[in-house]
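Below is one structure, written out as structure tokens; the observations come after it.
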Amino acid sequence: METTSGQDDRYSRQVLFREIGAEGQKKLAQARVVIVGCGATGSALASLLARSGVGTLRILDRDYVEPSNLQRQSLFDENDARESVPKAIAAARGIARFNSQIVVDPQVVDLVPANIDPLLSGFDLVLDGTDNFETRYLVNDYAVKNSVAWIYAAAVGSYCVTLNVLPGQTSCLACIFPESPRGTVETCETAGILNSAVNLVASLAATEALKFLVGAQLRMRRTLLSWDVWSNERAELAAVHPRAGCRVCDGREFIHLAGEGRPHITMCGRNSVQIHERERPVNFAEMSSRLQPHGNVRHNEFVLKFWREPYEMTLFPDGRAIIKGTTDTAVARSLYARYVGS
Ligand SMILES: [Zn+2]
């Protein structure tokens, strides 16, 4: 039974761990962490930090749950996939079932230069649960510019990689990868993914996050660590200091925050295009009856789905849409214009 001191019971095994202790646990309760992207890595990060008692978690995600997510995205269930529940909402509901004492703030949104300030400001730490380099470089620009720590974490196939970025102290993402490996990177859709690689990188990143939040920053790893759980190859690359000549750390050129290098309406390796150029509030009931004659349509409070062979459109209340069945942005744009409006 939980009492007013239920907190003590809930976190007792973690408080017993000397490096955290009662003091550390109090700091965790005060901590505010934002998780950018809530797919596989984001789910695992959110789950671990929520169970650890991080007091406030903001979860950002632009996507909705699908059946192919369930193999690795541990906060979601079959009902979320059936209902196409936005991942941020499904994550918040999932967390509420095991820890209702923390604050979870789900935001169904695509993180872009225009909204990054209000979405990330006021948080102690930013965690990477994204699936694409454009967003990571955007977060990296924001973090270095505003001196906010962030932790890069990625997994594909059996391989995962992570880096702690402490602006001004360690290397940033651009120190190590000055250019986005655009076009050459494998994605979950081309190389598949093992859920164990995801959970490994999330465990590593969540532990570094705990160190950061309890004030044990000197114990944080200062390397880019990569690990292949299938071949058991493991490598570390020094990331002790910002690199002289880094465009971001040294040059303070924040091209991604300025919105450059971001044509980006296709979704990471998927047969989908995202339309998010303009915000327009959508009334789902009205839109449903308008679309009814043209195909199958269904909606709940979070998304409206419209099927017109061979396309499937998922519309969000702010007018953003994900159109499945094409990677051709012109086709997607014209479908959107025809059925939603131009
Ligand atoms: Zn740098």
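Summary table
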| quantity | calculated |
| --- | --- |
| Unit charges at the beta carbon, dipole of the chain: most positive-side option, 164, 193, 39 | 164 |
| The chain - mean residue ellipticity at 222 nm from DSSP helices (-39,500 (n - 2.57) per run, n ≥ 4, rounded to 500) | -9500 deg cm²/dmol |
| DSSP bridge pairs, segment 42-165: antiparallel proportion in percent, nearest 5 | 45 percent |
| Pairs of lysine residues in the chain - Cα separation under 30 Å, sequence separation of 8 or more or cross-chain | 12 |
| Taking only Cα atoms of segment 51-108, radius of gyration then Dmax in Å | 11.2, 31 |
| Angle in degrees between helix 133-146 and the longest Cα principal axis of the chain, rounded to the nearest 10 | 50 degrees |
| Shape of segment 96-244, Cα gyration tensor, a/c cut at 1.5 | rounded |
| Relative contact order %, the chain, counting alpha carbon pairs below 8 Å whose residues are six or more apart | 14 percent |
| Degrees separating the helix 195-214 axis from the principal Cα axis of the chain, which is the longest one | 50 degrees |
| Residues 38, 175, 249, 160 arranged by fewest to most Cβ contacts within 10 Å | 249, 175, 160, 38 |
| Segment 27-43-segment 148-181 distance, computed between alpha-carbon centres (Å) | 17 Å |
| Point-to-point label distance, residue 13-residue 334, nm (Cα→Cβ direction, 7 Å offset) | 5.8 nm |
| Cα Rg, Dmax (largest Cα-Cα span) when computed across the chain, Å | 20.5, 64 |
| Cα long-axis angle, helix 329-339 against the chain (0 to 90 degrees, to the nearest 10) | 60 degrees |
| Given 13 as the ceiling on other Cβ atoms within 10 Å, longest exposed-site-free region of the chain for trypsin sites (Lys or Arg not before Pro) in DSSP loops | 19-181 |
| Computed lengthening from residue 235 to residue 71, 0.36 nm per intervening residue step minus Cα-Cα distance | 56.4 nm |
| Cα-centred dipole magnitude for the chain, charges only on beta-carbon of K, R (+1) and D, E (-1), debye, nearest 20 | 300 debye |
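All of the numbers you see were taken from the coordinates with simple rules; none came from a lab. Values in this document were obtained by computation on a predicted structure and should not be read as measured data. Don't worry about glycine lacking a Cβ; one is built from the backbone with ideal geometry, like all the others, and counts go over all protein chains shown.
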